[in-house]
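First up is the structure itself, then whatever we jot down about it.
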Amino acid sequence: MTGWTEEELSSVGAARELKVASERSDGTLRPYVIIWQVRVDDAIYIRSAHGPENSWFRHAKAAGAGRISSAGVERDVRFEPAEPDRAADIDATYHAKYDRFGPGPVGAVTGPEVHETTLRVVPRD
């Protein structure tokens, strides 16, 4: 299977949280970490709420591969840098989805200071 199915995109995009695990160098997975995710068009994006030094983010970026689980969807994935021109759309989608949790949590995953921690989650074959 290649790419996301519409059902996967809808399920993962609508879910409140996503579990993400990066691969170690031996191919085993690190423990899952629960984070927020958004769907923008036909892509799923994740961000580090605690900046680029957050351990799950460092590991995901370095490994470039891992696994996600959300809303009944489990997929082996690649973690790729997000397209810079999508930053405003990703911010707006985080706000639309999560503003109900208040400015503190949403502020941690929106704005120019976190754009560098945005990863596109891409299914692996």
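Please treat every number below as a calculation from the coordinates, not as lab data. Only a predicted model underlies this, so the values are computations on that prediction, with no experimental measurement involved. Heads up, the Cβs are rebuilt from the backbone with ideal geometry, glycines too, and the neighbour counts pull from every protein chain shown.
Through the Karplus equation 6.51 cos²θ - 1.76 cosθ + 1.60, θ set to phi - 60°, convert the phi angles of region 61-67 into ³J(HN,Hα) values in whole Hz; use x for Gly and Pro.
Once rounded to whole Hz, the list reads 5, 5, 6, x, 8, x, 9.
Quickly work out the Arg16-to-Phe101 label distance, labels modelled 7 Å from Cα along the C-beta direction, and quote it in nm with one decimal.
Once both label points are built, they end up 0.9 nm from each other.
Specify the inter-centroid distance of region 43-65 and region 101-122, based on alpha-carbon positions, in whole Å.
11 Å
With +1 assigned to the C-beta of every Lys and Arg and -1 to the C-beta of every Asp and Glu, and no other charges, what is the dipole magnitude of region 31-121 about the Cα centre in debye, to the nearest 20?
Working: 11 positive and 13 negative charges, 67 e Å.
Approximately 320 debye in magnitude.
Given an 8 Å cut-off on Cα distances and at least 6 residues of separation, report the relative contact order of the chain as a percent.
Values: 225 pairs, mean separation 39.7, N = 125.
That works out to 32 percent.
Given labels modelled 7 Å from the Cα in the Cβ direction, how far is it in nm from Arg24 to Glu80?
Spacing of the two 7 Å Cα→Cβ label points: 2.8 nm.
With springs connecting C-alpha atoms under 10 Å apart, model the chain as a Gaussian network and identify which of Glu17, Glu83, Glu74 has the largest mean-square fluctuation.
Maximum fluctuation in the GNM of the chain, among the listed residues, is at Glu83.
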